[in-house]
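Since every read-out is calculated from the coordinates, none of them should be taken as a lab result. Model, not experiment: these values are computed from the prediction. Here Cβ is always computed from backbone atoms with ideal geometry, including for glycine, and neighbour counts include all displayed protein chains.
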Amino acid sequence: MSASPLLDIENLHVALPQGSERPFAVEAVDLELAPNEILCVVGESGSGKSLTARAVMGLLPQPHVRIERGAIRFGDEDLAKVSEARLRAIRGSEISMIFQEPMTALNPVMTIGNQIDEVFRFHTKLGRKERRERAVALFDDVHLPDPGHIVDSYPHELSGGQRQRAMIATALALDPKILIADEPTTALDVTTQAQILKLIKELQAAHNTGVLFITHDFGVVADIADRVAVMQHGLLVEMGTADKVLNAPEHPYTKALISAVPSLVPRASRQRSAEPVLEVRDLTKVYRSGGSFFGLGGKERKVMAADRVNLELRRGETLGVVGESGSGKSTVARCIVRLNDADEGQILLHEVDLRPLGRAAMRPMRSKIQMVFQDPYASLNPRTKVGKIIAQGPLIQGVPAAEAEDRARELLEIVGLDERAYDRFPHEFSGGQRQRIGVARALANNPQVLIADEPVSALDVSIQAQILRLLDEIRERLSLSMIFITHDLRVAAQVCDRIAVMRQGVVVETGPTAELFDDPKDAYTRELLAAVPGKDWLPTKFST
Amino acid sequence: MADFWRLYRRNRSAVIGLAIIAAVILMAATAHLFFPDDPFKLAGKPMSPPGAEGFLLGSDSLGRDVAAGIAHGAKTSLLIGLLATMVAVGFGAVMGGLAGYYGGWIDDLLMRVTEMFQTIPSFVFAILLVAIMKPSIESIVIAIAVVSWPAVARLVRGEFMSLRNREFVQACHIVGMSDVRIMLGEILPNCLSPIIVTGSLMVATAILIESGLSFLGLGDPNIMSWGFLIGAGRTVLRTAWWVCTFPGVAILLTVLAINLVGEGLNDALNPRLRERR
């Protein structure tokens, strides 16, 4: 580390409003950022990592959340004390920031070029023509295709990755000394994420920038960090070089976090039966949009969400469906449970085709296929008690009320919740607990097939590990067959017996997990595997 | 419930509004105790100023007691306001709910009908309806409901549209729940707060429309109301200011109070909006 740090955070306390869970969001945090280094701040949700970054930028949601004590030294100044006007001058020119969601961070009614132009206008005295030239040059630096054209595009005309590149270009417009990146790749697909990480690293080296990189993903840390700071409940629990923190952590919390990161090495394959439970044959689903009332309005647009998809789920196995956003993996799941109606093809459950069944004919079949949803906050009705949410399914199937209630209480226990949860409302539970309730609801009808649509992607890594273990346990115990939809290859490696890779509505490759990971046949599968963050790092399992 | 009251109490003006409404309701409920006679009865000397001749708030050009009129008129205003709002909210919720839940051509059809009602200026439409149906309590309630339901329908439609794709609703589809049960048991409880808030504000509008109709002589001729009092005093405004003023103040206070309560309900029921302050 160099002698004088770029940024020196000393004993930082960020106070939360009265009546919050804890008095300080960030407590006694000391961080130093040297020139030309990437410091990753890692932590789970609520650890205070984002507020630390925002405190540096003077972007705390004041007056409720404010810096109570401590100093943020940048050059000769203390950013905790300088005036708002000075802070504005520093922001964008000497310290700049990129955010998680580029669509909301960019102004939708201004062209990309105008937005970068603003930065130059506020901070420099360049003429109009020079400013435009600089903008085009910057877009070229971040490898945006056809920069001369992109300057005049609006944010919605770009893809997510391109928007994030535009954001980075704006952030680096004035060659800042420090770049703060708050989960900049979390909203992106893995392949795009890999490109953006590479870009940040490349630009950081070229400009000698110090980067404060906030993330929850240890894979990303392994790829990009020089040094790592781990935060928990507002406290800095461990700090050190990337190699040391990732491979020889000292603090028990860091150890627990790293142990919870799913390994990319597929788990040992299990004995499987070859008997198919569910078969999907040539499933096709086209989404139409545009066409409106009486055929007035714009022309109809068609998107092939699923294009002759074939899947086979065997008894007792977990079949992973893996793909990036827009690959059609969720559409397939929704067609199987008949939330959407497929246009063509067959969905055979024990040789019975579900696709043509009407509402009434489908009802008795409903109990055999159930679903676990992604978002534990949106998937439970906030106004219904947990017990009723779980018992609803059996009640509709005609199970007597007393029996359904007993079953619900039993299920709460199976998924690891207290029986007293029965009479409480969903908002009284944490994200992980809610997901357990969601699992209990899916099990209430004694299904044979469980479809899990990204069941852990909204959860913190330690909770994620618990839910995955729970799903594995119940699959074993109740001899379920499971379709597991995920974008995360690490999770897929740990959960799935076989994997189907989807891209743009088409299954490009299917195979046993270990084979698929070792010897991917399709070019896209190879690309996906190569893009997994931290693929060269093997997380150690610490006994805790 | 105690929790709700704690949230509501935080908004001081909403509490004041509630107190005023309570007073108006009390006045309406006890009108026949304090003014046992028919408010249309000629009680004494015409155009008596407030305080004179035993008239608390004076008498009008025919010698009717203004105070008695206000007390009995409160009953009419509240009754019509509440009834019309209930009819409008009920009908609007059904239309909006169906349109929002099913979407597609059902949505198109119901919304075009709603828009048709919205294109006609509401007060003119109400006058027309009452004139066609002959002035009576029922026709006034129907007229007010007919001009007010589109707002509710649009609101409920929006709520249903955003809720119908929520995962908890999909989960109900997956266990095979029927559409009616999903709409009534799952979606509706989650959009009650905005409906209650809009409904409470609609009561105020309904009272205003009713007063306007009575002012124009389109009120029920057998029932005393605030609008009728103002209409009766309009011609003598310069010589007997009290005939118009007191019923006017009564309308002002009641409508203001209902709006304050609506605001308070909004704060208490939609906690996310409150936190922005």
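Some notes on this structure:
- The dipole here belongs to the range B:22-138: it is taken about the Cα centre, uses +1 on the Cβ of Lys and Arg and -1 on the Cβ of Asp and Glu, and is about 180 debye.
- Pairs of Cα atoms nearer than 8 Å and 6+ residues apart set the relative contact order; for the range B:1-141 it is 15 percent.
- Label-point separation, A:LEU126 to A:ASN208 (7 Å along Cα→Cβ), nm: 2.0
- Counted charge near B:ALA31, where neighbours are those whose Cβ lies closer than 13 Å (Asp, Glu -1; Lys, Arg +1): -2
- Dipole size of the range A:105-173 about its Cα centre, with +1 on Lys/Arg Cβ and -1 on Asp/Glu Cβ: approximately 260 debye, rounded to the nearest 20.
- For the range A:1-103, size of Cβ-based charge dipole, Lys and Arg +1, Asp and Glu -1, in debye: 340
- Net charge over other residues, Cβ less than 9 angstrom from the Cβ of A:ARG503 (K, R count +1; D, E count -1): -2
- Across chain B, C-alpha contacts under 8 Å between residues 6 or more apart give a mean separation that, scaled by the residue count, equals a relative contact order of 27 percent.
- 12 Å beta-carbon shell around B:ALA204, net charge (K/R +1, D/E -1): -2
- Per-residue Cβ neighbour rank within 10 angstrom, fewest leading, A:ARG436, A:ARG424: A:ARG424, A:ARG436
- Computed over chain A: relative contact order in percent, which uses C-alpha pairs under 8 Å that are six or more apart: 16
- Fewest-first ordering of B:TRP241, B:TRP149, B:TRP5 by other beta carbons within 10 Å of each residue's beta carbon gives B:TRP5, B:TRP241, B:TRP149.
- Sorted fewest first by neighbouring Cβ atoms within 10 angstrom, A:ASP217, A:ASP146 come out as A:ASP146, A:ASP217.
- Measuring against 23 Å, Cα to Cα, the residue pairs A:LYS177/A:LYS255; A:LYS285/A:LYS329; A:LYS49/A:LYS244; A:LYS49/A:LYS201 contain A:LYS177/A:LYS255 as the ones spanning a longer distance.
- Along principal axes, Cα extents of the range A:105-173, largest first, whole Å: 32, 21, 18
- Model label zone, B:GLU115; criterion: amide N under 17 Å from point 7 Å along Cα-to-beta-carbon; scope the range A:261-290: A:290
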